[in-house]
Structures are given as C-alpha cells and as structure tokens.
C-alpha cells in the first residue's frame, strides 16, 4: 500500500505591527467586513492546503494569538528581522514532516484559495525549489522586480538596488511563495542579513535556488488587487470596498434583491435567504441570518441576530436577538441583546425590547419598553407601557401571562406577575401581582374583577 503523501503546510507572516496604519492594534487585526484582515488569509490557506496554517507573530503582535486561539498553529519571531527570519522561526516550530510549504502575507485579505492552489500545482508540475506569484501593477514603484532568463526566474531585485533598465520591468514580486520543503529547510540557514537594513529577506532564496541548479517558477496573477498588501488605512478602505462588492454580488446572484446595492453594507459572515429584499441604507453586521422573503427596510441595522422568514423590519435596530417568522417591527424599534420575539408579533414605532421573550401573536405598541420580562402569547401591550426592571441595585423580572391586556401608560414595577387573561388600566402603576382574570387599576394599582365587554366595546 502506498503511504500517504506528507501534507502541504501554509506559513502566514503576521509579525509586523504595521506602523503606517497609525494604530495601537496589530495591522492584521484591523477589520474588513466584520472580520480581522488575517481571517481571510487563514481561510484561503486552509482551503488550499487542507491543513491548519501556522501563523508567525512577534511580541508586538501578541494580540493576534488572543483573537484566533487554537484556530491556527503558532510560531514566535522574537524580533521582526525580515521575512526570511520569520520563516526560519516557523520552520523551527514545525516538527511534522511536510512535502511543501506555502508562505503567505497576513495582510493580503483578497487572496483566493484558488490562486494558492494554482501556485502549489505549478511548483509540483515544474519540480521547482521555489514558485512565486507575480503581478503587473499599473504602478510598479516600491516592488521587487522579477528578472528572468531563459531558464525562468533568475532573481528578484529590490527597487533601491535596481538599475534603470531593471526599474523598467513591469512584473513584480507579490509576496506569495510555494517551496520544496526539504530544500527550504536545507537552505534557510544560508540567508544573510541585508547590509543596508539588517533584515533577512526571503526573496534571496531565489538566487540560492538557481545557484543550486534548481528551477524557480512564477505564477503571474492577473488581478493585482488579489495580492495587494494592506499597509495604511487608504489601502484598507480600498480593499474593504472591493470585498464588500464581492459579498453583495454573491447575494444578488443567490436571489436577494437590493434596491440600491451601493448603499448597503453586509459583513462577510451574514447569511441571507432567497427573495430577501433589502432597501437602501441598510447595515447587516456580524453573524446575522435573515430568512427567506423578509423585507429589511431602509435605514435598518441588524447585528449578530437571527430573523425568520416573511418578516418586515422598517428603520429599526436589532442587536444579538432572535426573531421568529412573520414578525413586523418598526419603524424606529430597538431590539437589544437577549430579545426573543415569537411568531407573528407586532412591534410598533419606538418599541424597545431587552433580554425578554415575547410570545407568539403579542402586540407591543409604540413608545414602550419591555426589559427583563417573559411575555406570553396574544398579549396586548399598550402604548407607553414600561417594565421598571431596575431598583437601583438589581434587575428584576416581569411575567405577563397569555392573553393579558396591558393598558396604555402602564408601569409594571418588577418583580411583578400579571396573570393569564388579566388586565391593567390606562396609567396604572402595578407594584403587586395581578391574579389571572383580574384587572389592576390606579396609582398604586388595586386589583378587582375584570369586566369584559362585547367585541367592539371598551373594557373596564
């Protein structure tokens, strides 16, 4: 039986702080469409190789480890001394046998797994010691130029060291490499610091491979944006715009309607069902999921929330909440963390819910606040109702039973329970439990029998 081929491992370089970002945050943790920049590179590396990437950090980028935890393997570069030194640090911590090694930059979030896989395949086909990605940007200034000869890539020359003729070369190094792992292990120690900067450059391996009589291949990538590194906030904004359009385009092609996509912002992890309609000026953040045939109205913001099918949300804010099917919300409603809204609920304008469950078919009308509460099915919550859930020290719960009727401007002073089928009169301040079927009226509210009137007449 043939033994399995040792794996391909990706090394992701993330040791640089990124001083041009003018930030206390490590560069690779700056967000793009709701995820750290580095997350996109890790995804591409894992998808292309089928193995967990190894990420190289330094003491100045220790926060990267906190953000990703066990999602990746880690290597430490004690002091950022260049890309060659970073790869040497990674190899020192790579104990498992590997056939080939891919080296990626942690600041290239638009890189695709398909490009990484194509690079690996070209290296295998050519039997090359090194295979590198190249691009032909409109402006080549600042990049290392690719110098070729009849046998392929001869060397990479940095712009400051290039002759006038070499500076005229349009093909540049993109910072993505695939290596024969055995050759790389044997030659990484031959790299020497640059006299000018003191850094150890990975690009010097190209000349070493040629001196060993090994082939160096190059994969020319047509889309220069895919391999563009993010060095400042201008480039960050440009990359985000590119990535956002990719996200919008994928949703449009999957059956989502957007009336003005240029005004819609959707994070990378958002999931949208078929026939969702998104009006202008909508923001969908985090791990939000929107069910089929739901309308997200103009001006709405939904973050880390689950919304069911056939809902209507108009100019409202939803945060870390759950909304079941056929719910109507807004305009100008606010669902805060922990809100759970049952099927068919209606929330009026300026209705607010926090850490509460509203049962199916309940109606919460305008200018109302329900916090730290359990509300049953088919409850009517009149305009201006609030649960006074905080006594200055602790939060308390309010319970409202099925079919209860809460009159306008009722204040429910928690902890308090309004029983099934009970009611409160308009303007009541309820400080004690209301038994099922009873009514509480007044300030403070007193309990009496609930007198029900025929349909169409007001109750007492």
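General observations
- Cα-based shape type of the chain, given that a ≥ b ≥ c are square roots of the gyration tensor eigenvalues and the cut on a/c is 1.5: prolate
- Footprinting exposure proxy ranking of 431, 410, 228, fewest other C-beta atoms within 10 angstrom first, gives 431, 228, 410.
- Euclidean distance of C-alpha centroids, the stretch 163-214 and the stretch 111-126, integer Å: 19
- Per-residue ellipticity at 222 nm computed for the chain from its helices equals -5500 deg cm²/dmol, with DSSP H segments shorter than 4 residues left out and the rest contributing -39,500 (n - 2.57).
- Set the Cα radius of gyration of the stretch 168-209 against 2.2 N^0.38 Å, with N its number of residues, and you get 1.31.
- Beta-bridge orientation, the stretch 8-227: approximately 50 percent antiparallel, per DSSP, counting only bridges with both partners inside.
- Difference of contour (0.36 nm per residue) and Cα-Cα distance, residue 232 to residue 196: 10.6 nm
- Degrees, to the nearest 10: 37-49 long Cα axis against longest axis of the chain: 60
- Rounded to two decimals, the Cα radius of gyration of the stretch 233-449 over 2.2 N^0.38 Å is 1.15.
- Overall form of the stretch 274-329 per C-alpha gyration tensor (a/c, 1.5; a/b vs b/c): rounded
- Residue-span extension gain [residue 420 to residue 337] - 0.36 nm each, minus C-alpha spacing: 27.2 nm
- The stretch 8-227: C-alpha gyration tensor shape, a/c 1.5 cut-off, then a/b vs b/c: rounded
- Euclidean distance between Cα centres, the stretch 253-286 to the stretch 10-78, Å: 28
- Rounded tilt (10° steps) of 113-126 against the dominant C-alpha axis of the chain: 20
- Estimated distance in nm for a label pair at residue 113 and residue 212, the labels positioned 7 Å out from Cα along Cα-to-Cβ: 3.0
- Spacing of the modelled spin labels on residue 395 and residue 154, each 7 Å from Cα toward Cβ, amounts to 7.0 nm.
- If you plug the beta carbon distance of residue 366 and residue 65 into 1/(1 + (r/R0)^6) with R0 = 35 Å, you get a FRET efficiency near 0.15.
- Label-to-label distance, nm, for residues given as residue 443 and residue 166 (7 Å Cα→Cβ offset): 8.5
- Once C-alpha pairs closer than 8 Å and six or more residues apart are averaged by separation and normalised to the residue number of the stretch 233-449, the relative contact order reads 8 percent.
- Distance cut-off 25 Å, percentage of C-alpha pairs in the stretch 333-460 lying past it: 15
- Degrees between helix 233-253 axis and first principal axis of the chain (Cα, 0 to 90, nearest 10): 60
- Cα centroid separation - the stretch 83-108 against the stretch 294-344, whole Å: 45
Values in this text are rule-based calculations from the coordinates and carry no lab data. Since the model is a prediction, treat every value here as computed from it, not as a measurement. With ideal geometry, Cβ positions are generated from the backbone for all residues, glycine too; neighbour counts draw on all protein chains shown.
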